[in-house]
Every structure is written in C-alpha cells, then in structure tokens.
1. Summing Lys, Arg as +1 and Asp, Glu as -1, what charge do residues with Cβ under 13 Å from the Cβ of Tyr226 carry, Tyr226 excluded?
2. Can you tell me how much longer the chain between Ala42 and Ala324 gets when fully stretched, taken as 0.36 nm per residue apart minus their C-alpha distance, in nm with one decimal?
3. For Leu253, Leu366, what's the fewest-to-most ordering of other Cβ within 10 Å of each Cβ?
4. Give me Val380, Val220 sorted ascending by neighbouring Cβ count inside 10 Å, so fewest comes first.
5. Could you list Asp65, Asp210, Asp163, Asp328 in order of exposure, starting from the residue whose Cβ has the fewest other Cβ atoms within 10 Å?
6. Across segment 313-324, in residue order, what do the Karplus-derived ³J(HN,Hα) couplings come to in whole Hz, using 6.51 cos²θ - 1.76 cosθ + 1.60 with θ = phi - 60° and x for Gly and Pro?
7. Between Thr272 and Asp371, how high is the FRET efficiency from 1/(1 + (r/R0)^6) when r is the Cβ-Cβ distance and R₀ = 25 Å? Nearest 0.05.
8. What are the principal axis extents of the Cα atoms in segment 214-299, in Å, biggest first?
Amino acid sequence: MEILWFLIAMGLLAAVVVPYVRRRRGGIRLVAPGSPDAADPAAYGFARQEELDVRLPGPDQDLLDVLDLVQRTQDWRAASQLLAGTEKEGEVRWQRVQAFAGAASLELQERPPHQGGEGHEGRVDLRKGQHEGPYEEPRADAAAGRPAGGAWLRAWRSEAPEDAGCAAVYAEFLVQQAWRSSSSGTDEFRIILEEARTVCGEAALAAPGDPVPYIIELAVARGLGYSHEQFDQLWANVIDRAPAHMGAHLAALHYWCEKWHGSRQEAERFATAAAARAPQGSLLAALPLFALFEHLPEVNLVRGFYEGETVTKAVEGALYAVHAARPDDPMLAHVRHLLVLFLVRSERWAEAMNQIVRVDGHVGALPWTHDGDPAAEYAVYRALAVAGYEANGGSPATLPQ
C-alpha cells in the first residue's frame, strides 16, 4: 500500500514538473545561456534583461523625462506641470500618479530617513511635515551627500498644499508604503491606509471631476475591508466620472477576488459584466482574462488546462480587445503583457512573439510585477516563446514587426 501511495505521489509530482521542463511540441526546454542549442532573444532585437524598464508597462517619454529631472534636481515643479496638463478622465493620469508615487516610495526604501535600531525604520509624514512617535523628517544621506528618499514629494506637499496632483500622488504614495512596508491587518498598515483615505478626500475636493482619487481609494477599500455596500458607493463615484476606465476596473477587480473580499464567481461576474457593456474599441473586453489570472491555481494538476475552453475563451476575448483598441491606448501594454503569459503557457508561440515584439523593453505590469524580479520573470517567458517559435520553424526573418 505504501508503494502505491509513493507511486501516486511521484505521478503527481511529474505532472507538475514536466510541463515546465519539457514542452510537448518540439521538446522545448531551457538551456544554459551561450549553449549552442540556446535560442537567442537578442537576435530579434529584444532588450537585454538588465536593460528592461521595471517602472512602466510601456513607453511614456514625457513622464520618464520629468521623473529623471525631478529625481536629479529634487524640484517638484515639473511633476506638477505634467499632471496639470494631463487629461483627468484618461488612463494616462492614473499611470503617471502611480509612477511618481512609486518613485518616491522606492527612493524612501533605498534611502530611509532614519537608520536607528532594529525595527525602527521610520515613515516620513510628507503631508504635514510633522512626525509622531517613530516617524522622522527626511535627513541628508551622509554617505552619498543626498537628501533622504522622497524629499521632493515632501517639498511639493508642503509648498503647494492645494495642488490636486500632489494630493493624488501623496495618497498613492501612502497606499504603496502600506503594502510595501507593513503587513496587512497590522495597526501600522491600517494607520497608513486611514491617512491615505483622508488624503484621497482632499484630492477629490481639489479636483471634483478627477476619478483618480477614487481609484486610489479602491486599494484603501481593499486593505481596510470596506463592506460590499461601502465599496459599491465608492465604485459609483468612479464610474460616474470615467465609466470605461480600464485601470479603475483592474483596481476594483482585486477587491472582488477570492483572496480579498469576494469570490471567484463574484470576480468573474464583475469582469464579464464590464466586458459586455464595454464600448467599441475598449480594452475592458480583456477584463475576464485578468479575473482568470487572479484565480489561477498555485499548482496546476490539470493536463491541458491552458488549452481548455475557459482559458481559450478568455484569451480570445483579450486578443479581440487588443486588435480593436486604438494603437495609442495607454492600457494596451497591460493586456499584451498578460497575454504573453497565457499564450506561452498555451504553447501558442507565434502569437506570444507577436505580443512580445510590441511590449519588449518595459516590464512594469502584471504578471511580472507579482515576482520579486519582474525583469527575470519576463525574460524566462520571452526565452520560452523564442525557443518554441524557432522549434516550430520561426526565425527573426519570419516575425512580423
């Protein structure tokens, strides 16, 4: 009997491991870089792994130029001007607010304001220039001769307290700090998110038609555990201002997922309803693929899962959305990145390559940001796609650009 149980266990283990080691079509496998048998992504003009930009899902040169200027000079005015000139209802403003907040949060992580005893990292109160308990003001990084990380955001907040763009960036900064530096459910986590909710209210008052403060609060709602009724009221404020906002729908989808305050069925229902009412050319038709991704099993024991009806239907919906969308839709890269994962796992190599060639260079999007090293995770899938493409007769010369 023990032998039988051992054989069953080994069979299950093989079912999990073998698909990652050897692909059925063409015997696809990963080999050491530099091996004569290794497919070379560089032959396709793809960026090297160390050159991949983890900050954004796709190019936004205006944002990158301003972000570089702000971080180099510690002068917030260029960021304020960029946000003031960015359409309130569009996707770009939300992405730029996230990028500025993320930059300040990462700076603070790299150059914290206090290097005290164990467990005493300190959090900067950029909103009021005050601090309570262990919180510290930003101080110069003595070793590098630079101010503590995020000093430009503190200056922006104190020198332009009525700036709606700054309020939005600071609210998002607090949200990212809560998820980055605290554990969900702890007192510190709740304190930071409560403060973020307050700043969201300030940002909404400063810019009444702007959906971004309410979109930021969707993450607060998830962390603080809003009831379904409270969340629906918040969601109404979002869709009243931007009914087809893809970024907002992605943020709301997290709340309805099984791991937070909903279920697989509720998340699927939310995504399917949004896709059904999506206007022509909207990427909301791809939302069911994101709902599927959020509920993928940790370990897949179903042979042919990625060739099955559920995955195929969601992938085809996302491909339809991509083909129908405007080429300059700022959310297009988000959908393409997720498609890469599903197309590779479905062994649809040529279609995966068609997506990779359009997003390569930037990896700041799902599914890669779920990993501690987004560039490395993306590079693995890209290498698999190249290997599978070449094993089935593809080459750089046959890949449409």
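Rule-based calculations on the coordinates, nothing more; no lab input. Being a predicted model, the structure only gives us computed values, none of them experimental. Glycine gets a Cβ as well: all are built from the backbone with ideal geometry, and neighbour counts include every protein chain shown.
1. Once positives and negatives cancel, what remains is -1.
2. On the way: separation 282, 0.36 × 282 = 101.52 nm, distance 2.98 nm.
Contour length minus Cα-Cα distance gives 98.5 nm.
3. Ranked by crowding around the Cβ, least crowded first: Leu366, Leu253.
4. Val380, Val220
5. Details: Asp65 12, Asp210 24, Asp163 21, Asp328 7.
The order, fewest Cβ neighbours first, is Asp328, Asp65, Asp163, Asp210.
6. 5, 5, 5, 5, x, 5, 5, 4, 4, 5, 5, 8
7. Step by step, r from the Cβ atoms, then E = 0.35.
8. Projected onto its principal axes, the Cα set of segment 214-299 covers 36, 27, 17 Å.
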